[in-house]
Amino acid sequence: MTNAIELAGAGKRFTKYEDTPMILTSALRVRNRTRREQLWAVRGVDLEVAEGESFGIIGRNGSGKSTLMTMMAGITAPTEGSVRVWGRVAPLISVGVGFHRELTGRENIYVNGAILGLSRREITDRLESVIDFAGIEGFIDTPVKFYSSGMYVRLGFSVAVHAQPQVLLVDEVLAVGDLAFQVKCFEKMNELRREGTTIVMVSHHLGAVRRMCGRVLVVDRGIPRFLGEAPEAIAAFHEILSSSTEVLEDHGSGTRFEPGVVAVRSAELLGADGEPTGHVEAGEPVSVRLRAEALTDIEEVVVGITLFAPDGTPVYADSNALEPFQDLGAGTELTCTLSFRAQLPTGSYTAVLRVDRGDLRTNLAQSPTISFFVTGRHTVAGHADLEARIAREEPVRR
Amino acid sequence: MLATAPTIDLQGESTSPGRLARQLWEARELFLILSRKEFHVRYRRASFGILWALALPLLQAAVLALVFSKVAHIRAAPHYAVFVLAGMAPWSYFSMTISAGSTAVVDSTDLSSKVYFPRAVLPLAQLAANLYGYLVTVAIVLLLCPLFHVGLGPAALLLLPASILLLALTAGFCLTASALHVYFRDVRYIVSAALMVWFYVTPVVYPAGDASGKLRLLLELNPMTGILDLFRTATVGGVGPMAVPVLISLAWTLGLLTTATLLHCRYQRVFADLL
Ligand SMILES: Nc1ncnc2c1ncn2[C@@H]1O[C@H](COP(=O)(O)OP(=O)(O)OP(=O)(O)O)[C@@H](O)[C@H]1O
Ligand SMILES: [Mg+2]
């Protein structure tokens, strides 16, 4: 298997200027020097993406995902290390996609096509299907500055996929399109994947990453933290997320974290048969079992759960705040089980358990993230499966 | 696949001159599209469309000719109006092109921060977009010559080297300034201020011979002097020896083109970081 992309020790350092550098001020020495600050947006990335692979990159905001993508697209050069890509590259980097604002959609197709390496003839031949796929016929002769961001992305995606790239780089662009277009894009990307196009995708939509990508790289604060199959990578990412929520809550919402009082020993999801599982059918009864140990004497302990949807939004949180566990002595082992039915649509979910003091202001411990996949009922969409029963009354003829 | 060369091969920030030249050649289609587009954007919305491309320099030449001959009583052979127009043709190409070309990279941020192509294409497209207006003014000068009893001799062939030198100088200037402008954002203002002064230290509205003292020195150092001399020798005539001014233009041109090459080779791959 040959590689489509190779990064060796790649890193990018940006210089942030506090004020714009000016010839006049530097020449006249009005200020000694522009104030600047350097930061490594991403560093030490070794990566090989094979031809035809679908690869994902996930991480929190500002962790360097887009920087990696711009280097793979050749838009910017790495400060250290090397970046090499084989084949025609079509980048869809953030919203905007590289259009000239003053030009019409049609003219921009030519500009973009030329950048992607198509000749005029080739572009003219594909013009119809590009416009058709984007579905913006009525606006094709309007300057793109009058486009909505969704229309921008529609056209950009359409040009990129019609250029028959060997490598498609998709950075977070699809989120802007409406649902119908997103579905169309995923279908098209699947088609390209089957045809052997290498796809690298950055998305905060973990469900999409799981569906589209084989291997996934997790970056955090510019450092590659995990590289592996999508489910494990997503779990590793949740680990990073959960370890950082402590920090957030410390300073943020008025709750404080008090370490050394309770230690979580394990947390797992059990299926209907009581065995640990990672896969659940919609509506199935499941439970989450937490084992923790009290390290000191504690009066009242509240155990709570938060369940997150594939896109990271919390869908459900609950706790035994009304009936807390009482008087745990140092060294007592606490095992508790939260049972519920997985009334959820298809997707990959995560759950986190937390242990708080009875006043609900002091967090004592948090479990590692539990990831699981729900196979939902076909007809269900949204965040919850309320198991609607759709009954029909006997028709009456009037 | 392994046998083929990578399409993107990045190690370090600079691009070798050979590779940059190859990339520019590969981007020729893009260059044509961008120049055509530049041309359209400029004249599409104007009500007389492309006529503006000619009307502006003609109007400017007419006003200047009127003002300077009546107020400052400048005389020049063969007729002052034709003398000014012959100066305006290269000058207005130069000034129009560098005022747009110096900011071309930053002005196309939408494009250059989202995709890669050799950034030099952007200022070069400005050069091509203004060429039409230049050719038309040159044609007008050539048509007016017989009206003022100027015979066009074999010297008219000098129009070719004059135009090539003008293009090369403008290219050197635009490429250098556009690279500097990515980092120093006041280049935009410095260029427009410089152009205003530059007009008066270029023998557009007066013959170089009329100048003396410090002005004389500036005229001699000015790369546009040699180009205007060449241009007028080719058309309206009446210019003295011009070997030295032309050599000075040539030196400036080579210097600017070298600087531009160095700047673009070193920095063009990281322009996007600052956009
Ligand atoms: N051109 C630039 N100049 C200076 N700093 C930059 C530049 N581009 C990015 N950065 C910095 O580099 C870091 C990584 O940014 P990057 O855009 O790669 O993050 P990201 O992972 O794509 O985030 P998001 O999920 O929000 O898209 C950030 O701290 C950002 O401020
Ligand atoms: Mg990003």
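The values are calculated or read from the model by the stated rules, or taken from the named source; none is laboratory data. Note that the coordinates shown come from a computational prediction; the quantities given were computed from them, not determined experimentally. Here Cβ is always computed from backbone atoms with ideal geometry, including for glycine, and neighbour counts include all displayed protein chains.
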Check: Is it fair to say A:V49 is more than 8 Å from chain B (Cβ to nearest Cβ), crowded, with 20+ Cβ neighbours inside 10 Å, within 24 Å of A:V218 (Cβ to Cβ) and at pLDDT 90 or above?
Finding: yes
Next item on the list: Identify the single condition in (1) touching a residue at least 60 places away in the same chain (Cβ under 8 Å); (2) within 16 Å of the chain's Cα centre (by Cα); (3) assigned to a helix (DSSP H, G or I) that B:T225 does not satisfy, given that it satisfies every other one.
Entry: (1)
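Among strands (runs of 3 or more DSSP E) lying entirely in segment A:1-88, which contain 1 or more residues that are within 9 Å of ligand 1 (Cβ to nearest atom) and touching a residue at least 12 places away in the same chain (Cβ under 8 Å)?
A:3-17, A:36-50, A:54-58
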Item checked: Top-ranked residue in segment A:53-86 [being more than 12 Å from ligand 2 (Cβ to nearest atom) and surrounded by fewer than 18 Cβ atoms within 10 Å (Cβ to Cβ); ranked as farthest from the other protein chains (Cβ to nearest Cβ)] -> A:E80
Checklist line | B:V182 vs. criteria within 16 Å of ligand 1 (Cβ to nearest atom) and farther than 19 Å from B:A61 by Cα | finding: yes
Note to self: Need pairs with beta-carbon distance below 6 Å; first residue at the interface with chain B (Cβ under 7 Å from one of its Cβ atoms) and within segment A:101-112, second in a strand (DSSP E or B) and surrounded by fewer than 23 Cβ atoms within 10 Å (Cβ to Cβ); sequence gap 6+ or separate chains.
What the structure shows: A:E102/A:P143
Next item on the list: For B:G237, state whether it is part of a loop (DSSP other than H, G, I, E, B), surrounded by 15 or more Cβ atoms within 10 Å (Cβ to Cβ) and more than 14 Å from chain A (Cβ to nearest Cβ).
Entry: yes
Next item on the list: Residue by residue through segment A:128-148, note down the ones that are under 26 Å from A:Q166 (Cα atoms) and either within 14 Å of another protein chain (Cβ to nearest Cβ) or not aliphatic (A, V, I, L, M) (or both).
Entry: A:E128, A:S129, A:D132, A:F133, A:G135
Next item on the list: Please find, within segment B:199-217, the residue that is surrounded by the fewest Cβ atoms within 10 Å (Cβ to Cβ) out of those that are part of a loop (DSSP other than H, G, I, E, B) and free of Cβ contacts under 8 Å to residues at least 40 places away in the same chain.
Entry: B:S212
Notebook entry, point to check: Limited to segment A:185-215, what total is found for residues that are away from ligand 2 (no atom under 16 Å from the Cβ) and either within 14 Å of chain B (Cβ to nearest Cβ) or not basic (K, R) (or both)?
Noted result: 16
Check: Regarding A:A263, is this residue crowded, with 19+ Cβ neighbours inside 10 Å and on the phi < 0 side of the Ramachandran plot?
Finding: no
